[in-house]
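Accompanying notes for the structure given below.
Here, each number is a calculation from the coordinates, and none is a lab measurement. A quick note: this is a predicted structure, and the numbers were derived from the prediction, not measured. Quick reminder, even Gly has a Cβ in these numbers, built from the backbone with ideal geometry, and neighbours come from all protein chains shown.
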Ligand code: KG4
Ligand code: ZN
C-alpha cells in the first residue's frame, strides 16, 4: 500500500486565521479563528488583522493537527494562501508555512485563494475524493454527482471578488467576467453599514431578509456590458434612499428592517443571477457552481436551486463551512498540486494581487 498524502493547509488572506488537515483528499480537521476585533471599526483594519493572525496562527494550527489525530511528522507538505489578500495578513501565513515546512523538511505549496474557493467543491467524502484523484491521473470524467464535472461555470462571490469563471480543469480556469468596482460581499456589507448594522453585514442581511418582502423597495440595477458587474452605483442609490427616508421618518430603518434587507438582497441576487444566466447561455454550459462567502447567502442558494427546474441546470452549492474563508479549500488545492509535484521554494513571496 502506498504512503498516505497528508496536507496541512493554512489560510490568512483577510481576517480569518485558518488551518486544515487533509489526508488522501479526505478532510480530517478544519479550524477557523474569526477576528472579532474588526467589528467595532465596521470593517477589516489591515494592521489589526495581521497582529491577530500572529496571535492566532500557532493555536489554530496546533488545534487542527490535534483534531486530525495525525502526527505532525507525517505531514507530506504544507500548503498556504499566497494571495490575493491583505499583504500584512498574507505575510503571517506565508512565513509560518515556510518555517513549518522547513522544520519538517517537507515541500511547500502555494495556493491562489480564488482558485481554492472554487476547488472547495472537491472537498468531499473519501470515495468522492478518490474519484478526483484518479481523474487527475487518468483525465476521466468524474462520476460523483455532488461534485461538478468539467467544464463548469463558477460564480465566485466574496468580500473582495465577484467573478464568473469558466473552469475547464482543476488548474485551467478563465475569468469570463468580474466586477469593475465593489464586490458582491462589499455591497452586502456596505448596505448593512448604511443601516448601522455591525460588520460583516452580509449574514445579518440574510437573516433579516428571511422574513421580509423582497419586492417592497426597488433599487436601480446597473447596466454593465458583457459579463462584468458593478455594485458601487447600487450602494450610492441605497445610501440616498436610506438618507431620504430617514429624513422623513427617523425610525424608517428599524420599522422596515426586514423588508429593506429582503429588497436589497433580492436586487443583488438578481444582478448576479442575470449575468450567470447570460454566461450559461453564451458558453452553452449548464453545470453551474457558486463559491465564496456570499455563496452562504440563502437567497442566492435558493435562486440557484430554482434554475434546476426552470432552466435544467445542474447546480453545485458548497457546504456552509466551505463558503466563507477556510483552510480546507487551501489544503484540497494543495493536495491536487501535490499530485502534480507542483511545489515552490522558500523564496516564494506573497502576492496581494494574484489573478487566476
Ligand atoms: O470568502 P469570504 O469569507 O472572504 C473573502 O475572501 O472576502 O467572504 C466574506 C464576504 C463578506 O462580505 C460577508 O458579508 C459575505 O461574504 N457573506 C455573506 C453571507 N455570509 C458571508 N453575504 C451574504 N449572505 C451571507 N449569508
Ligand atoms: Zn475568500
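Please report how far the C-alpha centroid of region 18-45 lies from that of region 143-189, rounded to the nearest whole angstrom.
Measuring centre to centre over Cα atoms gives 21 Å.
Sort 201-209, 11-19 for me by packing, meaning the mean count of neighbouring Cβ atoms within 10 Å per residue, highest on top.
Listed from highest to lowest mean packing, they are 11-19, 201-209.
Cα axis of helix 46-68 to longest principal axis of the chain: angle in degrees, 0 to 90, nearest 10?
The angle comes out at about 50 degrees.
Specify the inter-centroid distance of region 201-220 and region 308-356, based on alpha-carbon positions, in whole Å.
The two parts, judged by their Cα centres, are 29 Å apart.
Starting from 0 in steps of 10 Å, tell me what percent of the Cα-Cα pairs of the chain lands in each bin.
With a bin width of 10 Å, the distribution comes to 6, 25, 32, 24, 11, 3, 0, 0.
Roughly what % antiparallel, to the nearest 5, for the DSSP beta bridges in region 152-317?
For region 152-317, the DSSP antiparallel bridge percentage is about 60.
Using only DSSP helix segments of four residues or longer, with each worth -39500 (n - 2.57), what per-residue ellipticity at 222 nm results for the chain after dividing by its residue count and rounding to 500? Could you put the intermediate results ahead of the total?
Details: 10 runs with 154 residues, N = 356.
Estimated from H runs of four or more residues: -14000 deg cm²/dmol.
Of all DSSP beta bridges in the chain, what percent run antiparallel (nearest 5)?
On the way: 27 of 45 bridges.
Counting only bridges with both partners in the chain, antiparallel ones make up about 60 percent.
In whole percent, what relative contact order does the chain give with Cα contacts below 8 Å and a gap of six or more residues?
Value for the chain: 25 percent.
Running a GNM on the chain with Cα contacts under 10 Å, which residue among 34, 56, 302 ends up with the highest mean-square fluctuation?
302
Measure nothing fancy, just the Cα-based angle from helix 252-283's long axis to the longest principal axis of the chain, in degrees from 0 to 90, nearest 10.
60 degrees
Listing 38, 121, 258 from the residue with the fewest other Cβ atoms within 10 Å to the one with the most, what is the order?
So the ranking, lowest neighbour count to highest, is 258, 38, 121.
Could you tell me what % of all Cα pairs in region 268-356 have separations over 20 Å?
Roughly 50 percent, rounded to a whole number.
Of 51, 353, 301, how do they rank once you tally other Cβ atoms within 10 Å and put the fewest first?
The fewest-first ordering by Cβ neighbours comes to 353, 51, 301.
Could you work out how far helix 232-248 tilts from the main Cα principal axis of the chain, as a 0 to 90 degree angle to the nearest 10?
Once rounded, the angle reads 40 degrees.
Provide, as a two-decimal number, the C-alpha radius of gyration of region 152-317 over 2.2 N^0.38 Å, N being how many residues it has.
Details: Rg = 15.9 Å, N = 166, 2.2 N^0.38 = 15.3 Å.
Rounded to two decimals, the normalised Rg is 1.04.
What order do you get for 154, 323 when you list them from fewest to most C-beta neighbours inside 10 Å? Could you put the intermediate results ahead of the total?
Values: 154 27, 323 23.
Listed from fewest to most nearby Cβ atoms, that is 323, 154.
Have a look at 264, 37, 290 and tell me which one the Gaussian network model of the chain (Cα, springs below 10 Å) gives the largest fluctuation.
37
Going 7 Å from the Cα of residue 281 toward and past its Cβ, which residues in region 289-313 have a backbone nitrogen under 16 Å from where you end up?
Answer for region 289-313: 307, 310-313.
Would you work out if region 18-75 is rounded, prolate or oblate? Take a ≥ b ≥ c from the square roots of the eigenvalues of the alpha-carbon gyration tensor; rounded if a/c is under 1.5, else prolate when a/b is larger than b/c, oblate otherwise. If you can, show how the numbers build up before the last one.
Values: a/c = 3.51, a/b = 2.55, b/c = 1.38.
Judged from the Cα gyration tensor, region 18-75 comes out prolate (a/c at least 1.5, a/b above b/c).
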